[in-house]
Amino acid sequence: MKQVEIHLKKRDSEIIVRAIKAFEPVDWIQFDIEQEDRKMIRVLTHDGRCQILIDTVSQALEDRRDRRVTMIPVEASLPEPRELEQDEAASNLRVLREELLDDVVKDATLTRDFLILSGLSTVVAAIGLNSDGVAAVIGAMVIAPLLGPILGFALGAGLGNMPLIRQSGVTLAGGLGVALLVSFLISFALPLNLQSDELMSRTEVRLDSVALALAAGGAAALSMAQGKSAVLVGVMVAAALLPPGAAFGLFVGAQEWTFAGRSGMLLFLNIVCLLVSALAVFRLKGIKPRGWVDQQNATRAFWINVTLSAALLIALMVLIVVLDLGEKVTIGD
């Protein structure tokens with residue numbers, strides 16, 4: 001459940017009280033506060049219906065600047081409220097649109113700490129790949145901060161939020177750019193070890209790579225939509241991005257162009273898969289803007305992004321099949 005606190009002018013309280021009564025929450029109360037001509041209304045409601053209440057209140061007070069709505073999670077309440085029937089639960093989201101945006105925007109912001117962490121995780125990943133150190137590669141994926149911009153781009157596309165799309169795109173490009181630059185520089189300090197299984201496995205572009213990236217993106221988006229920690233899922237996302245990116249930089253620095261092309265294709269394929277699956281999950285979970293016009297714009301943005309991403313994904317999968325057939329023919333000869 002969630003507790004919603006609404007601070008507003010007394011003149012606006014009547015319309016909000018009527019809306020709350022029609023909403024039939026678990027419980028509610030209103031009282032005067034110390035500030036003159038102000039009231040506070042406290043509402044207790046189920047998670048699944050909280051978004052409707054927030055949208056209703058926001059629309060009713062849309063032109064009022066002297067108001068504030070606060071959402072507080074409730075761990076327990078006695079006596080226990082009745083469970084919602086299936087047809088009463090308007091949404092199966094355990095987090096609000098506003099909560100998702102707040103979490104994602106913070107993690108999708110390009111900051112100095114984000115760039116430093118991207119560089120440090122790449123150092124660990126590149127050394128681990130070149131030395132065939134599995135533990136080092138896993139450690140790099142744990143500290144890599146690449147989950148935020150991926151989810152930010154997908155959520156922005158789902159909501160038709162162009163500023164969030166641009167911000168997330170810039171952050172993702174910045175993180176990957178730092179990773180490629182750092183691994184490129186490391187290639188001049190370390191002789192490339194082509195006997196490393198960890199390194200050479202990032203040149204193998206197969207259809208199971210598509211399944212891994214799709215699963216990682218979908219799991220990350222679902223964890224966020226359910227209000228669960230996405231930290232461990234973030235390791236899966238980093239596994240799809242950081243090692244191929246570090247391998248690409250190492251191969252470019254060593255002028256191994258064939259291997260560099262394969263690891264670069266794997267990196268690009270994983271980015272597309274992560275975005276497609278995260279975008280699809282956010283859409284299926286019913287995360288959309290409040291207003292009708294914004295919903296129409298979001299729907300248009302969703303289908304544009306899905307169409308472009310699906311076309312890229314199909315083209316890459318066809319290329320993977322062609323490359324596999326070419327390798328089999330070469331081995332057969």
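Helices in the chain, meaning DSSP H runs of at least 4 residues, each add -39500 (n - 2.57). Divided by all residues, the mean residue ellipticity at 222 nm is -22500 deg cm²/dmol. Converting phi to 3J(HN,Hα) with the Karplus coefficients 6.51, -1.76 and 1.60 and the offset θ = phi - 60°, segment 255-262 yields 6, 8, 5, 5, 5, 4, x, 5 Hz in sequence order, with x at every glycine or proline. Entry note, the chain: relative contact order of 17 percent, from Cα contacts under 8 Å with a spacing of 6+ residues. Phi angles across segment 204-221 convert, under the Karplus curve 6.51 cos²θ - 1.76 cosθ + 1.60 with θ = phi - 60°, into 3J(HN,Hα) values of 9, 9, 10, 5, 5, 5, 5, 4, 4, 5, 4, 5, 5, x, x, 5, 5, 5 Hz, Gly and Pro given as x. Less than 5 angstrom separates the built amide H of W28 from those of L44, all sequence-distant by 5 or more or on a different chain.
Counting lysine pairs in the chain that sit 8 or more residues apart in sequence, or on different chains, and whose Cα atoms lie under 28 Å apart gives 19. Quick check: at a probe of 1.4 Å, how many percent of the accessible area of the chain sits on carbon and sulfur atoms? Carbon and sulfur atoms account for 60 percent of the accessible area of the chain. For L194, no residue whose modelled amide H falls within less than 5 Å of its own remains once neighbours fewer than 5 places apart on the same chain are excluded. In this structure the amide hydrogen of R38, modeled in the peptide plane, comes within under 5 Å of the amide hydrogens of K10, I33, none closer than 5 places in sequence on its chain.
When only alpha carbons of segment 109-186 are considered, Rg and Dmax amount to 13.7, 44 Å. Using equal-weight Cα scatterers in the Debye expression, the normalised intensity of segment 62-215 in log10 at q = 0.15, 0.18, 0.21 Å⁻¹ is -0.96, -1.17, -1.35. Sequence-ordered 3J(HN,Hα) estimates for segment 111-116 from the Karplus curve with 6.51, -1.76 and 1.60 and θ = phi - 60° stand at 10, 5, 4, 4, 5, 5 Hz, glycine and proline given as x.
Quick one: compute the contact order of segment 18-83, relative version, from alpha carbon pairs under 8 angstrom and 6+ residues apart, as a percent.
25
The values are calculated or read from the model by the stated rules, or taken from the named source; none is laboratory data. Treat the numbers as computed from the prediction; the structure is a model and nothing was measured. For the accessible areas, the whole protein counts, side chains as well, though only heavy atoms, and no ligand, DNA or RNA atoms are used. Shrake-Rupley method; radii C 1.70, N 1.55, O 1.52, S 1.80 Å.
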